[in-house]
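What follows draws every value from the coordinates through simple rules; no lab data is involved. Please read these numbers as outputs of a predicted model, since none were measured by experiment. Glycine also receives a Cβ, built like all others from the backbone with ideal geometry; neighbour counts cover every protein chain displayed.
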Amino acid sequence: MNNIPNNNHRGGWGSRLGFVLAAAGSAVGLGNIWGFPTAVAQNGGGGFVLVYILCILLVALPVMLAEMVIGRAGERNPVGAMKHLKPGTPWYWIGVLGVVTGFVILSFYSVIAGWTVYYFIQAAGGALVVPEGVEDTAGYFGGLFGEMIANPGYEILFVAIFMLMTILIVAAGVRKGIERAVKIMMPMLAILLLALILRSVTLDGAGEGVRFYLIPNIEALNARAVTLALGQAFFSMSLGMGVMITYGSYLSKDECLPSSAGYVVATDSIIAILAGLIVFPVIFFMVAAHGVPLENLVAAGAGLVFVVFPQIMGELPGGDAATVLFGSAFFLLLVLAALTSAVSLLEVVVAHFVDDWKLPRKKAAWSAGVIIFFLAIPSALSFGAVGWLSEGGLLGISVFDLLYTLTFQIFLPLGALGLALFVGWGWGLEHASEEIRHSTPDFRLEKAWHIMIRYVAPVAIIVILLNQIHAILFG
Ligand code: PHE
């Protein structure tokens, strides 16, 4: 696109690998390791996995490519890019929604991320080892979680530590901060993941766990599960708020976009599916060893990682050393996954401040980061520490659940719908294709992509959004 003024002074990736790793780092997060296996367990095992894969191919992958195209053509953050591509029209409000969504997601994401840092330190320090003479391990480790959420000071301290790491990486810049960080963290993440899988699948009862995970139970598949699968796909792939627009805006004009989108989607899906191979064998080990009913474990939902998991780690074969090793590896994996995602959330907000408000990057990163830290405090306190912020309080549900539901079920799908409509109808497929063909003259799936982005994705998202709004209003 020669007619677009070059906006290169904003900085950019040193290589395509850097871009793909950063985008995959954004996508691979708590949503994969904590969210996906839980969603599978609660929605009929392998059947859910199949629906999820369909959602990815028909909706998420086309939207991923659309975001990257908007970013590279617009050479700006979501707001600036849309203003640049379609000046004088209201389309940029989709970008505004994206930046707001970034703020909100990071404010509650950093709370869970803070827990992972806390648990990593605890696990490395031997806290997951069952103390001599303690019979009731459930009570003991339930205590670790209870202790943490009952100690608002701790929780807030760990959110602060996590936000500080995020701010430092983003403030250092795209190449020197984000790219350098993901080039170290993503290989570490892959190694930890593989080591943990090896440990898990060789536990007693592992085979049963894997079978439960992967064999489809079609009866458990209902409209609700399909809705969840799409929401999960957007959240897990970081779609619908302009992360991929922002990261794509730092990409050179000669890199192939469709294959980049393909790599990111494949990495994210593979890691989500692999994460189940850590989680389910461990759950079935617990079932086999203690006769705990499977339903109880599955119903633990979000508590699985922070309550059930730590209980099991103390009982893994190999003694205390094995517990420390497995426990710290598992929580370090979560810290790394969360950090590379948080960096992308903050980067969307920072890029907006830098491009459109002309703030220097460091100032933008620090001010946005500190504001988000303060916004995180109500979420951190909404697990019982402060009654009126928690479940059954002023709002009925906890602040955390409210923000999570709002972004996961409404803002991200709405944003993705807006982006699909923008490319399919607003900005136009000719322009989008031109941008892709610039670096990929033989874009073979062009026709299919056009149909997906113009018709299939918008219709699917609208149906699902209506279903969700109905579920939220009428239970
Ligand atoms: N994709 C991240 C995860 O799986 C979460 C995320 C959502 C990050 C939206 C950025 C934008 O945990």
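I want to verify the translational diffusion coefficient of segment 168-278 in µm²/s; compute it with Stokes-Einstein, Rh as the Kirkwood radius over Cα pairs, at 10 °C and 1.306 mPa s.
It comes out at roughly 93 µm²/s.
At 222 nm, what helix-only mean residue ellipticity would the chain give, in deg cm²/dmol to the nearest 500, using -39500 (n - 2.57) for each DSSP H run of four or more? Walk me through the intermediate numbers first.
Numbers: 22 runs with 324 residues, N = 475.
Per the formula, -22000 deg cm²/dmol.
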### Query
Which FRET efficiency, nearest 0.05, do residue 459 and residue 322 yield, Cβ-Cβ r, R0 41 Å?
0.20
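Give the residue list of chymotrypsin sites (Phe, Trp or Tyr not before Pro) in segment 296-364 that are DSSP loop and have at most 14 other beta-carbon atoms within 10 angstrom.
Filter output for segment 296-364: 357.
Note the direction-averaged projected area, equal to a quarter of the hull surface, for the Cα convex hull of segment 306-403, in nm². Walk me through the intermediate numbers first.
Numbers: hull surface 34.6 nm².
Averaged projected area of segment 306-403's Cα convex hull equals 8.7 nm².
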### Message
Using only the alpha-carbon atoms of the chain as identical scatterers, what base-10 log of I(q)/I(0) does the Debye formula give at q = 0.07, 0.14 Å⁻¹?
### Response
-0.34, -1.39
### Task
Using packing as a proxy for protection, rank 468-475, 288-295 so that the peptide with the highest average count of other Cβ atoms within 10 Å comes first.
288-295, 468-475
#### Entry: Peptides 451-458, 114-121 ordered by average Cβ neighbours within 10 Å, highest first
114-121, 451-458
### Task
Name the residue farthest towards the positive end of the dipole of segment 16-474 from the options 390, 370, 81, assuming +1 on Cβ of Lys and Arg, -1 on Cβ of Asp and Glu, about the Cα centre.
81
### Message
Once R0 is set to 45 Å, what does the formula 1/(1 + (r/R0)^6) return for the Cβ-Cβ distance between residue 151 and residue 471, expressed as a FRET efficiency to the nearest 0.05?
### Response
0.85
### Task
Arrange the peptides 28-41, 311-324, 265-278 so that the one whose residues have, on average, the most other Cβ atoms within 10 Å appears first.
28-41, 265-278, 311-324
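So which of 86/183; 253/363; 176/358 end up more than 27 Å apart by C-alpha?
Working: 86/183 35 Å; 253/363 29 Å; 176/358 20 Å.
Over 27 Å apart, Cα to Cα: 86/183; 253/363.
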#### Entry: segment 340-460 - Debye-derived log10 I(q)/I(0), Cα point model, q = 0.23 Å⁻¹
-1.16
### Query
Just how large is the dipole of segment 16-474 about the Cα centre, in debye to the nearest 20, putting +1 at every Lys and Arg Cβ and -1 at every Asp and Glu Cβ?
1540
### Task
Just name one of 266, 308, 38: the one whose Cα is farthest towards the positive end of the charge dipole of the chain (beta-carbon charges, Lys/Arg +1, Asp/Glu -1).
266
### Positive-end residue, the chain charge dipole about Cα centroid, Cβ charges, pick of 285, 60, 468
60
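Count the net charge of all other residues whose Cβ sits under 15 Å from the Cβ of residue 191, scoring Lys and Arg as +1 and Asp and Glu as -1. Numbers along the way, then the final one.
Details: positive: 183, 199; negative: none.
So the surrounding residues net to +2.
Quote the FRET efficiency, to the nearest 0.05, computed for residue 223 versus residue 451 with a Förster distance R0 of 30 Å and r equal to the Cβ-Cβ distance.
Details: r = 24 Å, r/R0 = 0.79.
Given R0 = 30 Å and the Cβ-Cβ separation, E is 0.80.
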## Note on the structure
Rh (Kirkwood, all Cα-Cα pairs) for segment 242-343, Å, reads 16.4
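Please report the equivalent ellipsoid semi-axes of segment 1-100, computed as sqrt(5 x eigenvalue) of the Cα gyration tensor, largest first, in whole Å. If you can, show how the numbers build up before the last one.
On the way: eigenvalues 209, 58, 31 Å².
So the equivalent ellipsoid measures 32, 17, 12 Å along its semi-axes.
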### Query
Expressed as an acute angle from 0 to 90° and rounded to the nearest 10, what is the orientation of the C-alpha long axis of helix 223-236 relative to the principal long axis of the chain?
70
